[in-house]
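The values are calculated or read from the model by the stated rules, or taken from the named source; none is laboratory data. Predicted model, so just to flag it, every value in this text is computed and none were measured. Cβ atoms come from the backbone with ideal geometry, glycine included; neighbour counts cover every protein chain shown.
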Amino acid sequence: MSSVTSTPAPKGLEGIVATNSSICYIDGDLGVLAYRGIDIHELADHSTFEETCYLLWFGRLPNQSELKDLRERLAQERQLDPAIIQFLRTAPKTALPMDVLRTAVSALAFYDADEKNNDHDANVRKAIRLTSQIAMIVAAYDRIRKHKPVVDPDRSLSHAANFLLQLNGTKPSSTAERALDIALILHADHELNASTFAARVTAATLSDMHSAITSAIGALKVRCMEERTRLCSAFWNRLTTKNLIRSLMSATCWRKRKKFRASAIVCTTPKIREPRTSA
C-alpha cells in the first residue's frame with residue numbers, strides 16, 4: 001500500500017482555518033467588513049484613523065482622554081534618524097518603492113529605543129512608532145525621488161493631514177484630510193490576508209516587531225495585489241475635490257460598478273464583494 005495520500009491538497013491555504021480572531025471579520029459573500037464587531041461603514045462615517053487604531057490595538061473604542069493621549073504619542077513619534085533619510089537618498093534609482101520601504105522599515109530597528117525589548121508594552125510603543133514612521137518614509141521617499149526637499153512633520157496635525165503635508169509640501173484642505181482619513185480607516189485591517197499571515201508567521205518565531213512588519217511588506221509585493229491597487233488608483237483619480245468626501249462616504253458608491261476580485265492568503269481570486277468599495 002502506498003504511503004502517499006491520494007487526497008488532493010487544497011490550493012495554498014484557501015478554505016483552511018489558520019486562526020480565530022476577534023480583530024477583524026469579513027464576509028465576502030455579503031460584502032461585510034467589521035473591526036472588533038463594528039461595521040466599516042459606521043467607522044467610515046463617524047471615526048478617525050487614530051480612533052480606529054486604538055480600537056484595533058486595544059479591542060475597544062477609546063474615551064476622549066485615551067484618544068487624546070494616542071494622538072499625542074503618534075505625533076511625538078514623527079521622527080526619523082538621519083541615517084534613514086540618507087538611505088532613502090542613496091537607494092538605487094531603479095529600486096521599487098515597496099523594496100525601499102521594506103528595507104527602511106527593517107533598518108528602523110537599529111534606531112528603536114525598544115530594539116531589545118519585546119514585551120507587550122514595548123510592542124505597543126513600537127506599533128505607535130512604526131505607524132508614524134512608515135508614513136514619514138513613504139512621504140519622504142516620494143519627494144526624494146522627485147528631487148524635492150523633505151518636509152518636516154507638523155505635530156499639531158492629524159496623522160492623515162501630516163502625511164499629506166509631508167507628501168505635497170503644503171497643509172491639506174479639510175476635504176483632502178478627511179478623504180485620506182477615511183481611506184486609512186478602510187485599509188487599516190483586512191483579516192488574515194497575505195501580509196498579515198506573513199507577519200504572524202514571523203512573530204510566532206518570537207522574532208521582533210520590525211522583522212514581522214518587514215515580512216508583511218514583502219508579502220504585499222505580490223502580483224495579485226497589482227490589479228487591486230490599479231482599480232483603487234483609478235477610483236481615486238476619477239474623483240474631484242468637490243465630490244470626494246460624498247463619494248467615499250456613500251454606501252452605494254460602487255454597487256453598480258464592477259466589484260474587486262479580492263485576494264485570499266494565497267492570492268487566488270474568488271469573486272466576492274469588496275466591502276471597502278461601498279463604504
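Within region 19-27, identify whether any single residue is among the aliphatic types (A, V, I, L, M), at pLDDT below 95, under 25 Å from Asp112 (Cβ atoms) and assigned to a loop (DSSP other than H, G, I, E, B), and answer yes or no. For region 19-27, residues among the aliphatic types (A, V, I, L, M), at pLDDT below 95, under 25 Å from Asp112 (Cβ atoms) and assigned to a loop (DSSP other than H, G, I, E, B): present. Considered as a group, the residues in region 72-92 that are basic (Lys, Arg) and either touching a Gly at 6+ places or on another chain (Cβ under 8 Å) or over 11 Å from Ile144 (Cβ atoms) (or both) include one that is surrounded by the fewest Cβ atoms within 10 Å (Cβ to Cβ), and that residue is Arg73.
For Phe58, state whether it is in contact with a helix residue (DSSP H, G or I) (Cβ under 7 Å, 6 or more places away or on another chain) and either modelled with pLDDT of 95 or more or under 20 Å from Ala194 (Cβ atoms) (or both).
Judged against the criteria, Phe58 is not a match.
Candidates are the residues of region 199-223 that are outside any loop (DSSP other than H, G, I, E, B) and farther than 17 Å from Ala109 by Cβ; the one that is farthest from the chain's Cα centre (by Cα) is Ala204.
Would you please name the residue that is farthest from Ala127 (Cα to Cα), looking only at residues in region 19-57 that are buried (at least 18 other Cβ atoms within 10 Å of the Cβ) and hydroxyl-bearing (Ser, Thr, Tyr)? In this case the residue turns out to be Ser47. Residues of region 70-103 that are under 13 Å from Gln133 (Cα atoms) and in a loop (DSSP other than H, G, I, E, B): Glu77, Arg78, Gln79, Leu80, Asp81.
Taking only region 28-43 into account, find how many residues are in contact with an Asp or Glu (Cβ under 9 Å, 6 or more places away or on another chain) and either at pLDDT below 95 or not in a helix (DSSP H, G or I) (or both).
Just the residues of region 28-43 that are in contact with an Asp or Glu (Cβ under 9 Å, 6 or more places away or on another chain), to begin with: 28, 31-35, 43.
Those left that are additionally either at pLDDT below 95 or not in a helix (DSSP H, G or I) (or both): 28, 31-35.
Residues in region 28-43 being in contact with an Asp or Glu (Cβ under 9 Å, 6 or more places away or on another chain) and either at pLDDT below 95 or not in a helix (DSSP H, G or I) (or both): 6 in total.
If you check Ala203, Ala160, Ala183, Ala264 for being at pLDDT 90 or above, among the aliphatic types (A, V, I, L, M), surrounded by 17 or more Cβ atoms within 10 Å (Cβ to Cβ) and more than 20 Å from Glu51 (Cβ to Cβ), only one passes: Ala203. Scanning region 106-120 for residues that are surrounded by fewer than 20 Cβ atoms within 10 Å (Cβ to Cβ), more than 18 Å from the chain's Cα centre (by Cα) and within 21 Å of Thr52 (Cβ to Cβ) turns up at least one hit. Scanning region 121-168 for residues that are within 20 Å of Asp99 (Cβ to Cβ) and β-branched (Val, Ile, Thr) turns up Ile134, Ile137, Val138, Ile144, Val150.
Of the residues Asp154, Asp142, which is surrounded by fewer than 18 Cβ atoms within 10 Å (Cβ to Cβ), over 15 Å from Glu77 (Cα atoms) and among the acidic types (Asp, Glu)?
On inspection, the qualifying residue turns out to be Asp142.
When region 48-60 is filtered for residues that are within 11 Å of Leu186 (Cα to Cα) and either among the β-branched types (Val, Ile, Thr) or in a loop (DSSP other than H, G, I, E, B) (or both), the ones remaining, listed by number, are Thr48, Thr52.
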